[in-house]
Amino acid sequence: MPGVSISPAWHHRRMPLSIFLLVLAAAALHASWNAIVKRGPDKFLGTVLVTGSAALLSAAALPFLPFPAAHSWPWLGASVLLQVTYYGLVARCYQQVDMSLAYPLMRGSAPILVALAGTLLGEPLPAAAWLGVVLVSTGILCMAVGARGGQLRLPLLTAAMIATYTLVDAHGARQSGNALSYTLWLFLLSGIPLPLWAVYTRGSAVLDYARQHWPLGLAGGVGTTASYAMALWAMTQVPVAMVSALRESSILFALLISVFLLRERIPRARWLAASLIIGGVLALRLA
């Protein structure tokens, strides 16, 4: 991927079509690896397998890439801590709150938080981009309509964590000189603690699961790494909030996977929510 190129003209030009399509592809990959975890018999070990695969793939590729610039390493270190905390929050969140409620709250709130923080940090959005962010977030939040109630605190705390590591990684990638190298170091360093914890708590069950399901884990590892690398590179080219909101359109792809691959029945309210997300994606394209 190209080196970082930062221009104050960002705030005054439309997102290029190539970057728009790249982020949509990243969203599709994000939905795909989540579907891989969902289809597995053990969601926790599925996540461990994907995380561990991403770390191994990163370790194999890093010798062929330059080191991230020294200025980016403090951001990388902070992101590793944030990512590990995020994994823990997600696991706890799904233990206490229905996924059908927790996932939309986490993913729908994060782009708004990123946009607000970005504005405070000197990266304001044009009105059309704000419209896109709000529509995408509203559509995702509406996906929770009809879900059984649950606590709001943990999902919203997780959303704040997503927004924080997104902003940290965007700045780190811009400082790194090579967004792909930064991403792979991040996946290597943040991908080690969870498998170690799994081995400590589940023992030989981890290896048994890996032997049976390694192709799915490998596919998920490729998907999550490529998805985030594409999004981070895009954040070196255009405002973070636009990429963050557009990437969360992954819930549209997840909806299509649910219908056509998992054969799930989708309530009408969720199709209406999906139309809001599509409207937000179009607004981001025109911003």
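So the values come out like this:
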item: Close pairs from region 264-279: first closer than 15 Å to G108 by Cα, partner in a loop (DSSP other than H, G, I, E, B) and open to solvent by less than 40 Å² (accessible area, probe 1.4 Å), Cβ under 6 Å, at least 6 apart; result: R270/M143; A273/M143; I277/S249
item: Residues (modelled with pLDDT of 85 or more, surrounded by 15 or more Cβ atoms within 10 Å (Cβ to Cβ) and not hydrophobic (A, V, I, L, M, F, W, C)) located in region 47-76; result: T51, G52, S53, S58, P68, S72
item: Residue list for region 190-220, filter: part of a loop (DSSP other than H, G, I, E, B) and either hydroxyl-bearing (S, T, Y) or open to solvent by 70 Å² or more (accessible area, probe 1.4 Å) (or both); result: I192
item: So A110, is it of a type outside the set (V, I, T) and closer than 19 Å to A27 by Cα; result: yes
item: Residue within region 35-45 that is crowded, with 20+ Cβ neighbours inside 10 Å, more than 12 Å from L216 (Cβ to Cβ) and not basic (K, R) present; result: no
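Let's see how each residue does on (1) open to solvent by 10 Å² or more (accessible area, probe 1.4 Å); (2) more than 22 Å from T47 (Cα to Cα); (3) in a helix (DSSP H, G or I):
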residue	(1), (2), (3)
M230	yes, no, yes
L255	yes, no, yes
S275	yes, yes, yes
V281	yes, yes, yes
L284	no, yes, yes
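Residues are listed down the side, and each one gets a yes or a no for (1) at pLDDT 90 or above; (2) part of a helix (DSSP H, G or I); (3) open to solvent by 60 Å² or more (accessible area, probe 1.4 Å); (4) within 30 Å of G52 (Cβ to Cβ):
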position: L131; (1), (2), (3), (4): yes, yes, yes, no
position: T138; (1), (2), (3), (4): yes, yes, no, no
position: G146; (1), (2), (3), (4): no, no, yes, no
position: L156; (1), (2), (3), (4): no, yes, yes, yes
position: M161; (1), (2), (3), (4): yes, yes, no, yes
position: Y165; (1), (2), (3), (4): yes, yes, no, yes
position: V168; (1), (2), (3), (4): yes, yes, no, yes
position: H171; (1), (2), (3), (4): yes, yes, yes, yes
position: L188; (1), (2), (3), (4): yes, yes, no, yes
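The values are calculated or read from the model by the stated rules, or taken from the named source; none is laboratory data. Keep in mind that what you see is a predicted model, and the values were worked out from it rather than measured. In this analysis, Cβ positions are derived from the backbone assuming ideal geometry, glycine residues included, and neighbour counts consider all displayed protein chains. Side chains included, ligands, DNA and RNA excluded: accessible areas come from the protein's heavy atoms. Shrake-Rupley method; radii C 1.70, N 1.55, O 1.52, S 1.80 Å.
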